[in-house]
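The values are calculated or read from the model by the stated rules, or taken from the named source; none is laboratory data. Fair warning: this is a prediction, and the values are worked out from it, not measured in the lab. When we count neighbours, we look across all protein chains shown, and the Cβ atoms used for this are built from the backbone with ideal geometry, even at glycine.
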Amino acid sequence: MKHFFRQNLPEKVLAVCAAIALWLNFAAQTDLAGLLAAPVQFRHYPGDLEISSVVTESIQAEVQGSAGQLRDLAGKMSAVIDLSTVTSPGERTFTINARDLHLPSGVRLVRTIPAQVRLTFEKRAKRFLKVEIPFSGQLRSGITVERIEVEPPLLEIVGPESKVNAARNPMSDPLDLRAVEDGSEHRLAVYIAEPEVRFVTVPSVKVKVHASRNR
């Protein structure tokens, strides 16, 4: 029996390796179907318009191809929607196709979930809003705040017209009264509640406190 296994050993090892290689190649070429996640991206974004609707961040694409192709495609695919036809405010519907996914040769798109993306576009608007300064803690004994100076007192926001018009005054992080003394300056970050709008400049203010000590 031992003689049988040792006889022509190099040829047998080569044959086994060839069989394994053939099987791996067959497995790689076998057509499979799978759902792959693809983030949604936009091309030719209109310069004077803003998306005001909820944006679909990613889709699921059911594709067919070899096991090797699907493995290589996982995590590398994106759905690129062309917005070059959008020239005015309103609702627009985009049907996702294989061209939007830039699929390699040999990979076929079966369907996407969702199959379409619907977006609402509005004119881009800007507006200056007063920054509100909340307080936290308590003043130290004997100190009275006379007034505070906020620089800049207004911050500019930008976004879809309806969202900008409805935005409420932004609010800074609380000014800690325990750290207040006459002439003290405090740099505070500023927050706006509406997620669809953003600040034009760095969202922070400098607060200078003018205080007096009771005698």
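If we only count strands (runs of 3 or more DSSP E) wholly inside the range 45-122, which ones have 2 or more residues that are among the small types (Gly, Ala, Ser)?
Here the list reads 58-66.
Please identify the pairs in which a residue from the range 57-83 that is closer than 13 Å to Asp31 by Cα has its Cβ atom under 6 Å from the Cβ atom of a residue that is at pLDDT 95 or above and surrounded by 18 or more Cβ atoms within 10 Å (Cβ to Cβ), counting only partners at least 6 apart or on another chain.
none
What number of residues within the range 121-161 are among the small types (Gly, Ala, Ser), at negative phi and in contact with a strand residue (DSSP E or B) (Cβ under 6 Å, 6 or more places away or on another chain)?
1
Please enumerate the residues belonging to the range 165-204 that are surrounded by 15 or more Cβ atoms within 10 Å (Cβ to Cβ) and not in a strand (DSSP E or B).
Listed by number, the residues that qualify are Ala167, Pro170, Asp173, Leu177, Val180, Ile192, Glu194, Glu196, Val197, Pro203.
Restricting attention to the range 109-158, and to residues there that are of a type in the set (Ser, Thr, Tyr) and over 30 Å from Leu73 (Cβ atoms), which single residue is modelled with the highest pLDDT?
Thr120
List every residue pair whose Cβ atoms sit under 6 Å apart, with the two residues 6 or more apart in sequence or on different chains, where the first one lies in the range 104-116 and is surrounded by 12 or more Cβ atoms within 10 Å (Cβ to Cβ) and the second, anywhere, is of a type in the set (Val, Ile, Thr).
Listed by first residue and then by second, the contacts come to Val107/Val63; Leu109/Val63; Thr112/Ile59; Thr112/Ile96.
Sort through Val117, Val110, Val164, Val145 and tell me the only one that's over 26 Å from Gln41 (Cβ atoms) and either assigned by TED's automatic domain parsing to the domain that holds Pro39 or not acidic (Asp, Glu) (or both).
Selected residue: Val145, the only one of Val117, Val110, Val164, Val145 that is over 26 Å from Gln41 (Cβ atoms) and either assigned by TED's automatic domain parsing to the domain that holds Pro39 or not acidic (Asp, Glu) (or both).
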